[in-house]
Amino acid sequence: MKSLFIINPRSGGQSNTFIKEEILKIFPDAAIKFTDSAGHAKNIALKNADNFDAVIAVGGDGTANETASALVGKKTAFGLIPRGSGNGFAREIGLSLDPLKAIRQLKTAKKVLCDVGEINGEFFINLAGIGIEAEIAHWFAVHGKRGGTRGWWPYFKIGAKKVFYYKPKKFSVSYNGKKETKKPLTLVFANGRQYGNNFKIAPKASFSDGLLDMVEVPPDNFFSMLLALPSFFSSRRQPFDRRFTTKVKEALVEHERRIVYHIDGEPRMTNKPLHIKTVPRALNVLMPKI
């Protein structure tokens, strides 16, 4: 398998340069490129995808999203060596979080066609959403990365502070022939089941059902969210007793003011309505044999 590895050298607050040598032990003919800025992984993948059987991201959810987005609709397979803080997509497909084990898993992995989600023309492989987790992602992007701070602890601190001050926003959602006004704590469109760290927001979501799980968490879960913040980083407890899940092919979210949303954990901001849809069987994913 002719493979290109795209390495984010500093994802997850850790150096990943050592991984090059480990990759070449298992894939001696691999091409390896390093990213130097946000968006670079996508550009590398777009320029090189047609020349390789697989393009493999080495990094966190952002690097994974960028690389996978460039491969949607192509025969070229998407692979991942997880090096982020949450690693939601990697956990869902059974990849080891030990990079050396993940490299060996990729050597014998099989191609599986998976769905992707799309929101206002951008693809997501795992989750997109609006609400408190999008606000936390936005605050983290603005404040949490100062001084190179990464990992789960800054997310925890920002999340704990944001929970106290967050006021749910009102918007209308059109889906499955309905139009409803909602004011949730969060509204998630899930292709996969979890944010990361085994925190499963959509336990019945599937990468291969041609649908997204639209999960609404109502605002009366406020204190559950506060108490559950530590469980975002473990699998011991699922905090939301009340959540409403609907399978959708597409949805339209309309709002009166500028809104913050996230795509695989990366924050966005817009004044435009959000058009969310599923793109069935659009991405070849290298999945480890179990």
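Each value in this text was obtained by applying a stated rule to the coordinates, not by laboratory testing. If you're wondering where the values come from, they're calculated on a predicted model, not measured in any experiment. Cβ coordinates were reconstructed from backbone atoms using ideal geometry, including for glycine residues, and neighbour counts include every protein chain displayed.
Observations on the structure shown:
- Kirkwood Rh (inverse of mean 1/r, distinct Cα pairs), region 57-111, angstrom: 11.3 Å
- Between K167 and K179, the simple spin-label model (points 7 angstrom out along Cα→Cβ) gives 2.6 nm.
- Listed by Cβ neighbour count within 10 Å, with the fewest neighbours leading, R83, R268, R91, R104 appear as R104, R268, R91, R83.
- Table column - 3J(HN,Hα) (Hz), region 195-207, Karplus curve with 6.51, -1.76, 1.60, x for Gly and Pro: 5, x, 6, 6, 7, 8, 7, 9, x, 9, 5, 9, 7
- Cα centroid separation, region 57-75 to region 95-130 (Å): 8 Å
- Residue-span extension gain [S96 to K75] - 0.36 nm each, minus C-alpha spacing: 5.1 nm
- Largest first and in whole Å, the equivalent-ellipsoid semi-axes of region 3-108 read 17, 15, 14, each the square root of five times a Cα gyration tensor eigenvalue.
- Ordering F244, F34, F5 by the number of other Cβ atoms within 10 Å of each residue's own Cβ, fewest first, gives F244, F34, F5.
- With both labels modelled 7 Å from their Cα along Cα-to-Cβ, the K107 to S37 distance reads 3.7 nm.
- Each residue, S15 and D50, gets one label point 7 Å from its Cα in the Cβ direction; the gap between the two is 3.8 nm.
- Residue separation of D29 and N271 scaled by 0.36 nm, minus their Cα-Cα distance, works out to 82.5 nm of gained length.
- Normalised contact order of region 3-108, rounded percent, pairs of Cα under 8 Å and 6 or more residues apart: 28 percent
- F199, F124 arranged by Cβ crowding within 10 Å, fewest neighbours leading: F199, F124
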